[in-house]
Amino acid sequence: DRHEGAQTVCEADEYGCVRIAPGDPITLGTLLVISGENTDLGIDSQRGAILAAEARGNEVAGHPIEWKHQDERCTPEGGSDSSQNLALDSQIIAVVGTSCSSAGEPAAQVLSESGIVLISPSNTAPHMTAREIRQPFYFRVPHNDRTQGTAMAEFAAGELGAASAATFSDNSPYGETLAREFARSFDAAGGEVTAQETTRVGKKNFDAELASIAATQPDLIYFALFHDEGWQFVVQARMRPELDDIMLAGGDGVLTEEWLRRARSSAEGVYLTQPDLEFDGAAYEQNLLAPYRERWGEPTGTFHAHAYDATNLVLDAIEAVAFRRDGTTYIPRTALKDAIASTSGYEGLVGELTCSNLGDCNPNAAMQVVKVVNGAFEPVWDQPR
């Protein structure tokens with residue numbers, strides 16, 4: 001009996017199957033930061049995911065695609081609350097998210113417990129795919145911050161000639177890890193780390209920390225912050241005469257047009273890391289950038305292409321594992337996870353994707369350094385591959 005065969009497959013899957021009746025949609029979620037100061041990061045990724053589905057005619061496995069968008073607010077609480085909302089919907093097949101690693105930690109646990117794939121376009125904290133804590137249904141397509149911190153340290157020491165550096169970070173998983181990796185790599189390159197200051201997410205005044213750093217007179221200050229703290233940091237740093245000749249460098253957490261707008265002239269000359277834009281070719285221009293610009297104007301962040309690829313990995317996996325019995329489509333949850341995990345040599349917009357057994361799908365990611373010149377991000381260095 002064909003129906004009994006489907007039941008057997010679904011009962012054999014620890015998390016069962018999602019069943020989609022004829023004509024009903026296949027529901028995907030996004031779990032991104034779409035409110036507050038870091039909105040540009042999440043909205044940019046959400047648009048990339050939407051455009052990936054639209055490039056397929058908003059259809060997969062013979063069903064229309066429907067989205068359920070949730071806001072993770074770039075906080076652990078937001079990641080926990082919003083992922084629980086998604087997990088309550090038994091029709092959610094998979095989720096593209098989170099934007100921030102701090103939200104990704106609880107979200108990965110909540111969704112993995114429900115057998116729901118979570119694939120991130122911009123989580124970069126190394127521990128998200130660490131063997132000890134990585135959740136089984138969690139994947140990501142961006143770089144690992146070990147790569148990002150190392151790249152800026154190499155650039156600072158080798159290209160800028162910085163002999164000493166101080167770090168300044170928030171207490172998020174992103175900030176703490178990125179500053180630590182930069183300091184470790186800078187030290188390994190022969191540089192001196194003169195100070196390692198931290199602040200809490202949401203703090204606005206950095207006078208004490210900047211005074212402490214200034215007293216050590218480093219050649220460069222490396223700041224690992226998100227948008228809101230990031231623009232205020234560079235403005236306050238530029239206001240201190242004793243820091244006039246000190247270079248500023250940061251990570252991709254501030255790489256948005258809104259950060260540029262807020263920081264204004266204080267952003268001039270700041271060095272930032274971003275993923276090496278090897279996807280900046282014909283496929284990216286035609287498939288993603290052109291429709292993005294037509295609808296919304298210029299991208300607001302860096303990770304729309306990563307979200308586009310993440311969505312396509314999910315949609316390809318759905319096509320691979322979905323089966324139909326008596327008009328009903330069945331998608332086994334564990335089989336879907338395993339199909340994504342087996343991704344190898346996928347030609348994405350951000351490069352060739354191959355998922356490791358710990359969920360890192362972009363193991364060969366390289367970084368690029370950009371400099372703010374006349375109010376725009378200008379590439380100045382590509383990390384050797």
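No value in this document is a laboratory result; all are computed from the given coordinates. Treat the numbers as computed from the prediction; the structure is a model and nothing was measured. Counting neighbours? That spans all protein chains shown, and the Cβs are built from the backbone with ideal geometry, glycine included.
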request  = Among Ile213, Gly97, Gln84, pick out the residue whose Cα is farthest towards the positive end of the charge dipole of the chain, where Lys and Arg carry +1 and Asp and Glu carry -1 on C-beta, about the Cα centre.
outcome  = Gln84
remark   = Per the helix-only model, the chain has a calculated mean residue ellipticity at 222 nm (DSSP H runs of ≥4, -39500 (n - 2.57) each, divided over all residues, rounded to the nearest 500) of -11500 deg cm²/dmol
message = Compute, for the chain, the length of the dipole vector about the Cα centre, with Cβ point charges of +1 (Lys, Arg) and -1 (Asp, Glu) only. Units Debye, rounded to 20.
response = 340
remark   = As a Kirkwood estimate from alpha-carbon pairs, the chain has a hydrodynamic radius in angstrom of 21.3
query = Treating the beta-carbon of each Lys and Arg as +1 and of each Asp and Glu as -1, no other charges, what is the dipole magnitude of region 154-264 about its Cα centre, to the nearest 20 debye?
reply = 360
ask   = If you stretched the chain out fully between Glu77 and Arg261, how much longer would it get, using 0.36 nm times the residue separation minus the C-alpha to C-alpha distance?
value = 63.4 nm
key: Residues in region 80-106 that a label on Glu132 would reach, taking backbone N under 17 Å of a point 7 Å out along Cα→Cβ   = 105-106
ask   = Based on the mean of other beta carbon atoms within 10 Å per residue, what is the order of 209-221, 192-204, most packed first?
value = 209-221, 192-204
key: Dipole-positive endmost among Asn357, Leu313, Ile331 within the chain (Cβ charges, Cα centre)   = Ile331
Cut-off 15 Å, label 7 Å out along Cα→Cβ of Gln217, residues of region 171-204 by amide N = 194-195
message = Ranking request for peptides 39-49, 72-82, 98-108: highest mean number of other beta-carbon atoms within 10 Å first, then the rest in descending order.
response = 98-108, 39-49, 72-82
message = Need one number: convex hull volume per residue for region 232-369, Cα atoms only, in Å³.
response = 159
Residue-count net charge about Phe168 - beta-carbon cut-off 10 Å; Lys, Arg +1, Asp, Glu -1 = -4
message = Cut-off 15 Å, label point 7 angstrom out along Cα-to-Cβ of Arg184: give me the residues of region 154-168 whose amide nitrogen falls inside.
response = 154
